[in-house]
Amino acid sequence: MTELNTAPASQDLVLNISGNHVQEVAKKVSKEGGFIDKLNDIVAELNPVSQKEILFFFELLGTLNNAGLPVIESLDILSRQTKNPKLKKIIKQIRNDMEEGSSFAESLRRHNKVFDEAKCSIIEAGEKSGKLNTILKELILQLEKMNFLRGQVKGVMLYPTIVIIVMAILTIILLIFVVPKLENIFDGRDNLPLPTQVLVNSSEYLIGNWFGIGFAAIVLTGLLLFWKTTMNGKRTIDIIGINTPIIGKILKKMILSRITRMFSLLLTAGVPIVESLKIAANVAGNHLYKEKLLLASEDISRGISIAENLADKEKLFPEICINMIAIGEKTASLDTVMGRVASFYDEELEREIKSLSKILEPFILAFIACGAVFMILAIYLPILKMNDTML
């Protein structure tokens, strides 16, 4: 009888212990799952979304929409195709917002760091007019042109940037590891030629003050990055950029191409002219152009035409651009004319980029040659001097 009563009690105890253990494990898994989800969210937020990924998003969306799939189903497919965790999360949120009753444009506006107002306004105009597929095709075409020009400029500037960085790294390595041995090998600083003395002095200063130099470089870089985020800093950088020889011409044409293309696309999509000007001002990427275009959007309501408003800033808007805008306003075909102006600046920009690459090549070669000759003289002159002394 005792054995019969004991067995069920021990069984209940085992079941109770195992049940408690299951609950503890479940709570632990739930906590870990929440922590992992939060960690994934942090990693996703830190992961940037490139312009190429945005272009791919609209291209695939346009293809699926053209095939007859609704936007919500297309977004579901896109969320599985996208590899970027941040963009994947955004697409899922857009899909959820649309399922709750928001429009596509409203859902995009909730993620304004990825989808700017220009894209959202174009999508909104496409939804209202029932021509979303046509608007998407035009938007994709314009984004492809903008990305192509941006890639060309980056490609031209990449080569000199790499050369300068490599030269700086090699110089630091030489000053730290090679130059200190020269003074000992050639028996004192007094016996060294001038180029070698310059290298030795630079090496001693770098080695003796490396902490101070590094700290100063970090502080100055931090201050510069902070200053760039201020309104005064952004404005100053924009002024310097468009007034820099050679580079300034390319920047102006890039800005004008971007403004006129976006302005044309917005007008074609049916966005009102005042709103189109404001959006074009925000995508200009330069505070001087932004301020002038915003002023022009305000003056339209006072009866002042766009061409008349922009004519006093010939440094920002060339005469040919003003004349084309005036023709577009007079003939009520501003959207078509702005598209032609954008194409004109695209061609001009391609020619400028090609000429810039040809101009930069001799300067880069001269820079490399000067650095190489100086290093060779600094290292080999002591050797030649020592040989003369021995002879």
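Just so you know, all these numbers are worked out from the coordinates, no wet-lab data involved. As the structure is a computational prediction, the values presented were derived from the model and not from experiment. We place every Cβ from the backbone using ideal geometry, glycine too, and count neighbours over all the protein chains shown.
How high is the relative contact order of segment 51-144, given as a whole-number percent (alpha carbon pairs under 8 Å, six or more residues apart)?
Relative contact order here is 26 percent.
Give me the extension gain from ILE172 to LEU224: residue separation times 0.36 nm, minus the current Cα-Cα distance, reported in nm with one decimal.
Between ILE172 and LEU224, full extension yields 16.4 nm more.
Enumerate the lysines that LYS252 could reach by cross-link, defined here as Cα to Cα under 17 Å, with residues fewer than 8 away along the same chain left out.
LYS145, LYS154, LYS234, LYS290, LYS292, LYS313, LYS315, LYS354
Using only the Cα atoms of segment 146-391, construct the convex hull and provide its projected area averaged over every direction, in square nanometres to one decimal.
17.3
Measuring from label point to label point, each 7 Å out along Cα→Cβ, what is the GLU204 to GLU350 span in nm?
Each label point is offset 7 Å from its Cα along the Cβ direction, giving 5.8 nm.
Round to the nearest 0.05 the FRET efficiency obtained for THR236 and LEU55 when R0 = 45 Å and r is the Cβ-Cβ distance.
The formula returns an efficiency of 0.90 here.
Measure out, as a whole number of angstrom, how far apart the alpha-carbon centroids of segment 118-162 and segment 291-337 sit.
Distance between centres, Cα-based: 23 Å.
Just the Cα atoms of segment 156-262, one point each, no solvent: what log10 I(q)/I(0) does Debye give at q = 0.24 Å⁻¹?
-1.24
In nm, to one decimal, how far is the ALA216 label point from the ASN66 one, both placed 7 Å along Cα→Cβ?
Output for this residue pair reads 5.9 nm.
Full-extension gain between LYS358 and LYS181, please, as 0.36 nm times their residue separation minus the C-alpha to C-alpha distance.
Gain in length upon complete extension: 59.7 nm.
Among MET375, MET167, MET231, which comes first, then next, by fewest other beta-carbon atoms within 10 Å?
In order of increasing Cβ crowding within 10 Å: MET231, MET167, MET375.
Restricting things to Cα coordinates, could you compute the convex hull volume per residue of segment 292-390 in Å³?
Dividing the Cα hull volume of segment 292-390 by its residue count gives 135 Å³.
Pulled fully out, how much extra length does the chain show between LYS385 and ILE77, if you take 0.36 nm times their separation in residues and subtract their Cα-Cα distance?
Difference between extended and current length: 103.5 nm.
Can you give me the Rg/Rh ratio for segment 56-120, using Cα atoms for both radii and the Kirkwood formula for Rh?
0.93
Listing ILE176, ILE273 from the residue with the fewest other Cβ atoms within 10 Å to the one with the most, what is the order?
Taking fewest neighbouring Cβ atoms as first place, the list is ILE176, ILE273.
Along the Cα→Cβ direction, 7 angstrom out, place labels at ALA366 and ASP116. What is the inter-label distance in nm?
Between ALA366 and ASP116, the simple spin-label model gives 3.6 nm.
Could you give the alpha-carbon Rg of segment 216-343 over 2.2 N^0.38 Å, rounded to two decimals?
1.17
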